[in-house]
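First the structure, in the form of structure tokens, and then the observations on it.
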Amino acid sequence: METEEQRADEALPRYRYDARVANEIEAKWQDRWEVEHTFWAPNPDGPLSEGFDAVADRSKLFVLDMFPYPSGVGLHVGHPLGYIGTDVYARFQRMSGRNVLHAMGYDAFGLPAEQYVVQTGQHPRVTTEDNVATMRRQLRALGLGHDPRRSVTTTDPAYYRWTQWIFLQLFESWYDEDAQRARPIAELVPILEADPEVGWAGLSTRERRELVDENRLAYLDEAMVNWCPALGTVLANEEVTAEGRSDRGNHPVYRRPLEQWKLRITAYAERLLGDLDLLDWSDSIKVMQRNWIGRSVGAEVDFGVEGHEDTTITVFTTRPDTLFGATYMVLAPEHPLVDDITPAEWPGATLGEDVNDIPPSWRGIFGAEAGPAEAIRRYREFVGPKSDLERQAEGREKTGVFTGAFATNPVNDAPIPIFVADYVLMGYGTGAIMAVPAHDERDFEFAQEFDLPIHVVIQPPLAWFEAQGADPEADPVDWPGAFVGDGVAVSSSNDEVSLDALDVSDAKARITAWLEANELGAAAITYKLRDWLFSRQRYWGEPFPIVYDEEELPVALPASLLPVELPEITDFEPEIVADDAESVPEPPLARADGWVTVELDLPRPDWAGGGAGPKIYRRELNTMPQWAGSCWYYLRYLDPTNENEFVSEAAERYWMEPGPGGVDLYVGGVEHAVLHLLYARFWHKVLFDLGHVSTPEPFQRLYNQGYILAGAFVDERGSYVEASEVVERDGRFFHGDDEVRRENGKMGKSLRNAVAPDDIYRDYGADTLRLYEMFMGPLDASRPWNTADIVGVHRFLQRLWRNVIDEVTGDVRVTPEPCDDETRRVLHRTIAAVGADMGDLAFNTAVARLFELNNRLTQVVAETGAAPEEVVEPLVLMTAPLAPHVAEELWERLGHERTLAYEDFPQADPLWLTVENVEIAVQLNGKVRARLTVPAGLDEAATEAAARADARVAGLLDGLAVRKVIVVSGRLVNFVVG
RNA sequence: GCGAGCGUGGCGGAACCGGCAGACGCGCCAGGUUUAGGUCCUGGUGCCCCUCGGGGCUUGAGGGUUCGAAUCCCUCCGCUCGCACCA
């Protein structure tokens, strides 16, 4: 970069807008905005209400970014893309008369900080604070107009106190299915008391507590975790390799059941699905959420089990119309009824006297002469430790074992063999299916593998056989696959009901009605969505506000005891325990001496035995997942210093209403399309049901910004080389002497193609970086970074500056003289277009319009020697949201004392939006043959007449029969000739 | 495999509701300023023909609807993302 000496040597103009001038201006204005509280957004009352009177007549606008995890490695230019976008939008709206809230916080709990501790021994709080400070500095250099008073950090006890408080709201409520909303636990007890089936009066205190606990929105349940004894820690799915070993160290990982907190998000499945219709989100995100929730409509059907009169197995199916075609049943390996129904011996009577008459494959992949129980035990051992990842890696090869038991099909009393197989998942539906191999792809494959019968109950159309290349007369065993399409039911009748000749939807309705009438089943809806596993065996997360009493039942701490602060521990190293399948995971908090147990005098409701007096309690040792803090941070921005409430009602109503979603614009990456957005919506709905927030949804408009991509270079060994060291020669790329191959990928550390914002500030300034990122392409598209392109936007700022400031003297050179009419028209067209584009987040085209206006202004300056104020001032104001520092500087030099942040965004004068003449196209049969200029506003007849009157057009039409004329006023005339 | 989205000059991209394709920027070409290069300024620049008048072609490929298609419909090809035994 150039120095003062070079500048002097080369005699560059002293006052040219370059990196040095830009950096001076940027530092100056960032300081002034801070000192003058420029971006403080006033609340209607309370501690943050200073200045509200001045904006009381404005309507509010809440602009939100997905807040970052403050990692230690620093930003690259891809990170702030969305933040710049929201800042431009917020600044534009502020100039358009809105009271804009825009703030930034930090999502600072989580795994990386904890792993860093293990490497360095530094407390995660220290590294987290360092990282937050670094990130604040880097973001400040971008000139983002945030209200600094509202910045929250999820690891701050004053913040996570309220995360814990919200958890207590979940713990202290239940979901009323009839009312379809959450209600306080206190309202559940009278209902249980009044229900004769519950027999409340006869229950012990412990039984009552257990019954209530089962109904809470936050409840304890056994869940599978990835436990790695060698590392002494539980791992996330992403940390487990396809081979079922730890990513770090390659140690064995065991799937173990562990008592875990879960949140009852499934109760909200229907509302989370339905309320998507209220939101201005992209269809693709809505589709992803809908798929994740995974609603399926069908029926539950009860099957009897031969020899077990008291046992029924309930299956879920979306195809009850194929019930007559069920030829076997499958239970998930973990299904609780498997052990009950498994006989001691392989059945002889039904399939022959000899064990060997049972097909060997039915006895399991490891064989088991000893009997079905042993075969199932071996199969479970084979299936048990596998993670979901492994199951995927194995593909879809079907495995399973015959249980030796038979179910009875309720429609025809036919006995069908019951298998266990891992293609049936315990977590979905009832964990059991009726298998209809003729009409289900997976059942068909399994039936082929195990030689099970295939009964056709939906007649495939001939076209299907033709498309499949199959013989319509063939045995279905020889079909290439199952027929899953629509068709007419066949072979589906008993004495009471017949589905034959009905189409699929009529058959579903009829059989479901019959099942309901005979109490053999019922219509049912299931969801893929599971309850949210909310415990983590980690240190660096929010502690639960929960203790356990002598009965090992959970007791909520009262809100007055919040926050439950993370205890100091000295040793963050996970404890290595025996490297075997039996050892039990223990969270790091177990090592917090003096914290694990606590003496408290906790109140207790009468139904749970009344006041217990001072007692020793054991604390919950798990912590909350990283998602917890990010579920509600947007609400804390509204009232960040409130010590009595998580947010005051007045602040919440002011910024969130009218809804249905309160945040007017939420910008972030698609990677949070499902989990974060679903979890946050869920918490918001619980808070809504309990009356703590006033809108049913948190985020009205969601916008996903794209990624910044960049060239990445791979050497012949297949590893990435530092992209900044690669040079291009004749269209080939070299790293040193080695030729390397170019790829395009997301900018980041792993592809070694990160570009540091500091380098761009140094060479061009922050305004240039902002403008470039907004100009590269539409905000929602991913686009490749190209440092060479930056000069284009830098030149724009330089020309804008030069049009106002004399580069040699530094004097302002504007004139109060009016500009010419054509320039004025360009100005007003630009104002109209830029305003519309900014409202639509179409910043790339807004920038292009500003370029055009500035190019026009450059011409005017060249011709007249001075820039008309009439053009310069609106141009500076329109540039301000995009490049605020240089705009503020020019505004000040133009003689304005106050920041332009609250100046009115220019308004187009309709008078100057009209044009006198327009050029229209004249087409023959749709092809442009001539252009001509006509007065604007001509009607169709006059336009046609004008076209015909044109000598050139007349020549074209000469001797041709015009069959039809299409005229679009102000655009074109199309002669259809024969 | 299923679902969603996207294919426009050498490059990033623009084009409202079906109405002049290629705005704006980079790059490139020519000229000016400069001792030179760079910076900066001015002009040109989709491709192919051309007798310099103009003509032809062009939005992944092919087909269709229409007076008219980058835009709507169908088939195919390519790329990106999401889900992945969900009964």
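Based on DSSP H segments of at least four residues, each scored -39500 (n - 2.57), chain A has a per-residue ellipticity at 222 nm of -9500 deg cm²/dmol.
In order along region A:914-927, the Karplus-derived 3J(HN,Hα) couplings, from 6.51 cos²θ - 1.76 cosθ + 1.60 at θ = phi - 60°, round to 7, 10, 7, 10, 10, 8, 10, 9, 10, 10, 10, 6, x, 9 Hz, and Gly and Pro are given as x. Distance between the pseudo-spin-label points of A:Thr120 and A:Ser284 (7 Å out from Cα toward the beta carbon): 3.7 nm.
Extending 7 Å from Cα along the Cβ direction at A:Glu822 and again at A:Ala27 yields two label points whose distance is 4.5 nm.
Surface analysis of region A:646-685 yields an accessible area of 26 Å² per residue, using protein heavy atoms and a 1.4 Å probe. Near the amide H of A:Thr233, within less than 5 Å, lie the amide hydrogens of A:Cys228, all on another chain or at least 5 residues away, with H placed in the peptide plane.
Net charge of the neighbourhood of A:Ala133, taken over other residues with C-beta under 13 Å away and scored Lys/Arg +1, Asp/Glu -1, is +2. Expressed to the nearest 5 percent, the antiparallel share of DSSP beta bridges inside chain A is 80 percent.
Rounded to the nearest 20, the size of the Cβ-charge dipole of chain A about its Cα centre is 3440 debye, with Lys and Arg at +1 and Asp and Glu at -1. Couplings 3J(HN,Hα) for region A:933-949, derived from phi with the Karplus relation 6.51 cos²θ - 1.76 cosθ + 1.60 (θ = phi - 60°), are 9, 10, x, 5, x, 5, 7, 5, 5, 5, 5, 4, 4, 4, 5, 5, 6 Hz, where x marks Gly and Pro.
Model label points for A:Leu425 and A:Val596, set 7 angstrom from Cα along the Cα-to-Cβ axis, are 3.6 nm apart. Evaluating 6.51 cos²θ - 1.76 cosθ + 1.60 at θ = phi - 60° for every residue in region A:709-726, the Karplus couplings come out as 9, 7, x, 10, 10, 10, 8, 6, 7, x, 9, 6, 10, 4, 4, 5, 9, 7 Hz, glycine and proline recorded as x.
With both residues required to sit in region A:700-819, DSSP beta bridges show an antiparallel share near 90%. Note on A:Val670 and A:Asp340: the extension gain reaches 114.2 nm, defined as 0.36 nm multiplied by sequence separation minus the Cα-Cα distance. Protein heavy-atom accessible surface, 1.4 Å probe, per residue over region A:32-114: 31 Å². Taking the Cα centre of chain A as the origin and placing charges on Cβ (Lys, Arg +1; Asp, Glu -1), which of A:Pro910, A:Ala754, A:Val663 is farthest toward the positive end of the dipole? Most positive-ward Cα: A:Pro910. Of the solvent-accessible surface of region A:774-814, computed with a 1.4 Å probe and all protein chains present, 48% belongs to carbon and sulfur. The relative contact order of region A:625-713, computed from alpha carbon pairs under 8 Å that lie at least 6 residues apart in sequence, is 35 percent. Dipole magnitude for region A:497-584: computed about the Cα centre from +1 point charges on Lys and Arg Cβ and -1 point charges on Asp and Glu Cβ, it is near 800 debye. In this structure, A:Thr311 and A:Asp506 have a Cβ-Cβ separation that, at R0 = 30 Å, corresponds to a calculated FRET efficiency of about 0.40. With all protein chains present, how much of the accessible area of region A:192-335 (probe radius 1.4 Å) comes from carbon and sulfur, to the nearest whole percent? Carbon and sulfur: 45 percent of the exposed surface of region A:192-335.
Taking every protein chain into account, the accessible area of region A:896-967 amounts to 65 square angstrom per residue (probe 1.4 Å). Per residue, the average separation of C-alpha pairs within less than 8 Å and at least 6 apart gives chain A a relative contact order of 15 percent. Computed over protein heavy atoms with a 1.4 Å probe, the carbon and sulfur contribution to the accessible area of region A:853-978 reaches 48%. Counting Lys +1, Arg +1, Asp -1, Glu -1, what net charge surrounds A:Gln180 among other residues with beta carbon under 11 Å of its beta carbon? Residues near A:Gln180 contribute -1 overall.
Can you tell me how region A:1-125 classifies by the Cα gyration tensor, rounded, prolate or oblate, using a/c under 1.5 as the rounded cut? Since a/c reaches 1.5 but b/c is at least a/b, the shape of region A:1-125 is classed as oblate.
The C-alpha atoms of chain A define a longest principal axis, and helix A:157-171 lies at about 40 degrees to it.
Charges were assigned to the Cβ only: +1 to each Lys and Arg, -1 to each Asp and Glu. The resulting dipole of region A:687-784 about its Cα centre is roughly 240 debye.
At full extension, A:Ala951 and A:Ala186 could sit 266.5 nm farther apart than now, given 0.36 nm per residue minus the alpha carbon distance. Return one number: the angle in degrees, 0 to 90 and rounded to the nearest 10, between the long axis of the Cα atoms of helix A:283-293 and the longest principal axis of the Cα atoms of chain A. Once rounded, the angle reads 20 degrees.
In chain A, taking the dipole from charged Cβ atoms about the Cα centre, the farthest positive-side position among A:Val126, A:Phe734, A:Trp227 is held by A:Phe734. Taking the C-alpha atoms only, the angle from helix A:821-839 to the longest principal axis of chain A is near 20 degrees. Pairs of lysine residues in chain A that meet both criteria, 8 or more places apart or on different chains and Cα atoms under 18 Å apart, total 6. Distance from the alpha carbon centroid of region A:145-170 to that of region A:918-978 works out to 66 angstrom.
Between A:Phe734 and A:Asn917, the contour length at 0.36 nm per residue exceeds the alpha carbon distance by 60.4 nm.
The values are calculated or read from the model by the stated rules, or taken from the named source; none is laboratory data. What you see is a predicted model; the values in this text were computed from it and never measured. Backbone-built Cβ (ideal geometry, glycine too); neighbour counts: all protein chains shown. Just the protein is used for accessible areas: all its heavy atoms, side chains included, with ligands, DNA and RNA removed. Shrake-Rupley method; radii C 1.70, N 1.55, O 1.52, S 1.80 Å.
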